[in-house]
Amino acid sequence: MACSHMFYMIRRFSAICIAFMPFNSLRCLFYRCLGYHISSSRIGWGTVIAINKLEMCNAMIGRYNKIIGPFTIEMKKKSAIGSNNNIVCGLWAIDKDHERFNYQRTLILEEGSTITSHHWLDVVDLIRIGKESYIAGIGSQFWTHGFSSDQRDINIGIDCYIGSSCIFTPGSGVQE
């Protein structure tokens, strides 16, 4: 376990160095060196991405985001993450003590979906933002862990609009 934690610390340090490279092309190139699949996309200056897996095609991540933890992001075409978001998963989610919960640790942004700015996403389980849906305004929170709940996924349906300061608890969501 200590080896696993050390791996994430090294990855985080590398991501911090990459985040402050002066050009999008350099940031994308070096993030690809970390094993992320990035094509025809933009990653804003100051955005730290230190996760297990990133797949983004023709998508955009804005400035000053903190995207850290043992989880996966899938960004479909024309999806976007604005600026100043915290998208995280704690290392505790991969500890042996928590294996029995089978956390999915995945964020999926379907085609044309958008997370604007200043939101908090706890990606311990699955968060799916449906096609053409918006997490708009500021200050919304998405929480996917809790030991009292078997259903922890958060699903936002197709063409939904979520305004400011909404709080989604494990197992909640909105349908089109």
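The values are calculated or read from the model by the stated rules, or taken from the named source; none is laboratory data. None of these values were measured; they are calculated from a predicted model. Here the Cβ positions follow ideal geometry from the backbone for every residue, glycine too, while neighbour counts run over all protein chains shown. Note: accessible area is taken over every heavy atom of the protein model, side chains too, but ligands, DNA and RNA are not part of it. Shrake-Rupley method; radii C 1.70, N 1.55, O 1.52, S 1.80 Å.
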Please indicate, with yes or no, whether at least one residue in the stretch 133-155 is open to solvent by less than 10 Å² (accessible area, probe 1.4 Å), closer than 24 Å to ARG11 by Cβ, among the β-branched types (Val, Ile, Thr) and touching a His at 6+ places or on another chain (Cβ under 6 Å).
no
Criterion (touching a residue at least 24 places away in the same chain (Cβ under 8 Å), under 25 Å from ILE154 (Cβ atoms) and not aromatic (Phe, Trp, Tyr)) met by exactly one of LYS77, LYS53, LYS96, LYS66:
LYS77
Every listed condition ((1) closer than 16 Å to SER113 by Cβ; (2) under 12 Å from the mean Cα position of the chain (by Cα)) holds for LYS77 save (2)
Kindly provide the set of residues from the stretch 11-25 that are touching a helix residue (DSSP H, G or I) at 6+ places or on another chain (Cβ under 8 Å) and more than 15 Å from ILE67 (Cα to Cα), ordered by number.
MET21
Just need a number here: residues in the stretch 111-142 that are in a loop (DSSP other than H, G, I, E, B) and either within 17 Å of ASP153 (Cα to Cα) or of a type outside the set (Val, Ile, Thr) (or both).
17
Of the conditions (1) within 21 Å of CYS166 (Cβ to Cβ); (2) in contact with a Cys (Cβ under 9 Å, 6 or more places away or on another chain), the single one that ILE127 does not satisfy is (2)
